[in-house]
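Novice: Have a look at this one.
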Amino acid sequence: MSGKQIDVIIGLQWGDEGKGKIVDFLAEQYDIVCRFQGGPNAGHTLKIDGQKFVLHTVPSGIFRPHIMNIIGNGVVIDPITLTKELEDLTAIGIDYKSRMKMSRKAHLILPSHRLLDLASEAAKGVEKIGSTLKGIGPTYMDKTGRNGLRIGDISKANFRELYGKLKDKHLALAKQFGKVEYDLDAEEEKWFRCIEHIKGLEQVDCEYYINQAIENGKKILAEGAQGSLLDIDHGTYPFVTSSNTITAGVCSGLGIAPNKIGEVIGITKAYCTRVGSGPFPTELLDETGEQLRQEGHEFGSTTGRPRRCGWIDLPTLQYSVMLNGVTQLVMTKLDVLNSFETIKAAIAYDIDGERTNLVPFDLETATNPVYKDYKGWKTSLDNITETENLPVDAWVFITDIEKRLGVPFTIISTGPEREKLILR
C-alpha cells in the first residue's frame, strides 16, 4: 500500500496474466476498486472456495463485502453482458446494488456495434486482427468520432431517437462489408430489456466521485483490463485493443491527476500467451507450446479460444515496466512450469545480425529471440507459502528475471485459488 491513494494493477503482456485473482486478493486493503478501460472483451477469472467466476465488466472487488466497485468513464458497457453478470452475482447471493456504481460518461455498446465488428472482421479474411467480436472497436470509434451514446443518455426523453440515429449510421456502414449472420432485432429486444435492468445501478460523475473519495482518505485500486502490449498507442499495432491499457489510461479513464497514483503493480505470467493474431517472438508451435497450453489451461475466459503459448519475453517486459512506471511485480502461474526439464527466457532479440533488448517499431521483425536456459525444478509447488521453501531452481529463475527487470517480485502465484500465493 502506498502513501498515495490510487494504486494500479496492470497486465504487462498480452492480457490473461491473472489480474482478477490478484485484484481479489489485494482488494482487502482498499475501500474502492475501479475498472478504468476496456469492455466485455476482458475476462477476469477468480477461483473462490472451489468455484470459478469470470467477470467481464464488473470490477474484481465485488466478492469482498466492504468494497465499493466503480465502472469508470473509460470503460465501454454492453448492457446484455453486464446484466448477465449481475444476474450471476444475485444467483450466488452477492448483494452488488449498494456496492457498485457506473460512470455517466461510460459509453454504451449497441447491438449494431457488434454487427459492425462481426462484418468488419469477416471482410478482412486472412488479415483479421483477432477481435473478440464484442463491439468494442466500433464503440471506441464512435467515442472518438463524437457520436457515441453514454450511460447518462439512458435517462433522456429522446434516448430511443438517439439510439435509432446511431443504429441507422451503423447499418449504412455495415452494407460496405457484406452480409453476416446476425439477428439484430432479437439482440435489440434483449438490449432494451437489459437497459432497464442496469438502470437499477447508481450512476455517478466518476471524476467528482473518485476525487472526493481521495479527499476523504479512501484507498483506491484501479484494475486494468487486457495487457500493456495491447495498448492502442504502445502495443503491437494494429493487433491491439481500442483503449489505453497502460497506467496513463487510469488518469483519463477515471478522471484523476497523475500525481494521485502511488504503487503500480505489474503482473506477468512465468511464461507468455497471446489470443488472436499478431506478432509473438517467443511463440512455441511444437509439443512444448502444447504442454504449456494444457498445463496452464490456456483457453480464453471470454472467447474460449486456445491461447498461443511461448516462453517469457524479457525485452517486452522491460518495455512494459518502463511504460507503466511499475514499482512492484507479481508473477503468476509459476506452477505451470513444474514439469519442465528446461525453462527458457528471451533476454534479447537478434534483428538483422544485431543484438538488442529494445522492442522494435514492428515486433514482426523480432523473429530470432536470444534465450537463456534455466534448470527446471521438477517438483510441485503446492502448499509453499514462503519464498525460502521454494525449490532452489525456481528461486534462481525468479531472482534472475527480477534483476533483469530492475523491480522486485512481491507476490508469486502458484495456482488459481485465493490461498495459493507466496508473499515477500
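Taken together, the values in this text are just the output of simple stated rules run on the coordinates, not laboratory data. Since we're looking at a predicted model, the values are computed, not measured. In this analysis, Cβ positions are derived from the backbone assuming ideal geometry, glycine residues included, and neighbour counts consider all displayed protein chains.
Novice: Holding the Cα-Cα limit at 24 Å, pick out from LYS84/LYS218; LYS333/LYS378; LYS101/LYS143; LYS19/LYS218; LYS333/LYS403 the pairs that are longer than that.
Specialist: LYS84/LYS218
Novice: For region 377-424, state what percent of all Cα-Cα pairs lands in each successive 10 Å bin, counting from 0 Å until the bin that includes the largest distance.
Specialist: With 10 Å bins starting at 0, P(r) equals 26, 56, 18.
Novice: Tell me, what is a quarter of the convex hull surface for the C-alpha atoms of region 135-191, in nm² with one decimal?
Specialist: 4.5 nm²
Novice: Measuring from label point to label point, each 7 Å out along Cα→Cβ, what is the ALA186 to ASP352 span in nm?
Specialist: 5.3 nm
Novice: On to the next question. Once phi is turned into θ = phi - 60°, what whole-Hz ³J(HN,Hα) does the Karplus curve with 6.51, -1.76 and 1.60 give for every residue of region 100-109, x standing for Gly and Pro?
Specialist: 9, 9, 10, 5, 4, 8, 5, 7, 9, 8
Novice: What is the packing order of peptides 401-414, 208-221, 14-27, taking the mean over residues of other C-beta atoms within 10 Å and listing the highest first?
Specialist: Ranked by mean Cβ neighbours within 10 Å, highest first: 14-27, 401-414, 208-221.
Novice: Which cross-chain or sequence-distant (5 or more) residues have an amide H under 5 Å from the amide H of ASN244, H modelled 1.01 Å from N in plane?
Specialist: Distant-sequence amide H within range of ASN244: ILE232.
Novice: At 4 °C and a viscosity of 1.567 mPa s, what translational diffusion coefficient does Stokes-Einstein give for the chain, taking Rh as the Kirkwood radius over Cα pairs? Give it in µm²/s as a whole number. Don't skip to the end; give the middle numbers.
Specialist: On the way: Rh = 22.1 Å.
For these conditions, the coefficient is 59 µm²/s.
Novice: If you consider only alpha-carbon coordinates, what radius of gyration and Dmax does region 268-423 have, in Å?
Specialist: Radius of gyration, then largest Cα-Cα span, for region 268-423: 15.4, 46 Å.
Novice: Report the antiparallel proportion of the DSSP beta bridges in the chain as a percent, rounded to a multiple of 5. Walk me through the numbers on the way to the answer.
Specialist: Details: 24 of 61 bridges.
For the chain, the DSSP antiparallel bridge percentage is about 40.
Novice: Could you tell me which of SER380, LEU55, VAL76 has its Cα farthest along the dipole of the chain towards the positive end, charges placed at Cβ (Lys, Arg +1; Asp, Glu -1), taken about the Cα centre?
Specialist: In the chain, that residue is VAL76.
Novice: Expressed as a whole number of Å, what is the distance separating the alpha-carbon centroids of region 1-72 and region 261-293?
Specialist: Centre-to-centre distance over Cα atoms comes out at 20 Å.
Novice: Size of the dipole of region 268-423 about the Cα centre, Lys and Arg at +1 and Asp and Glu at -1 on the beta carbon, nothing else charged, in debye to 20?
Specialist: In debye, rounded to 20, region 268-423 gives about 300.
Novice: Separate question: Using 0.36 nm times the number of residues separating ASP400 and ILE48, minus their current alpha carbon distance, what extension gain do you get?
Specialist: 123.5 nm
Novice: Which of the peptides 287-298, 379-390 is most tightly packed, and how do the rest follow, going by the mean number of other Cβ atoms within 10 Å of each residue? Don't jump to the answer; show the numbers that get you there.
Specialist: Values: 287-298: 16.8, 379-390: 13.2.
The most tightly packed comes first, giving 287-298, 379-390.
Novice: Ok, one more. Which of the aspartates and glutamates could be linked to LYS190 by a straight reach, that is with a Cα gap under 15 Å, when you skip same-chain ones fewer than 8 residues away?
Specialist: Partners within reach: ASP78, GLU85, GLU87.
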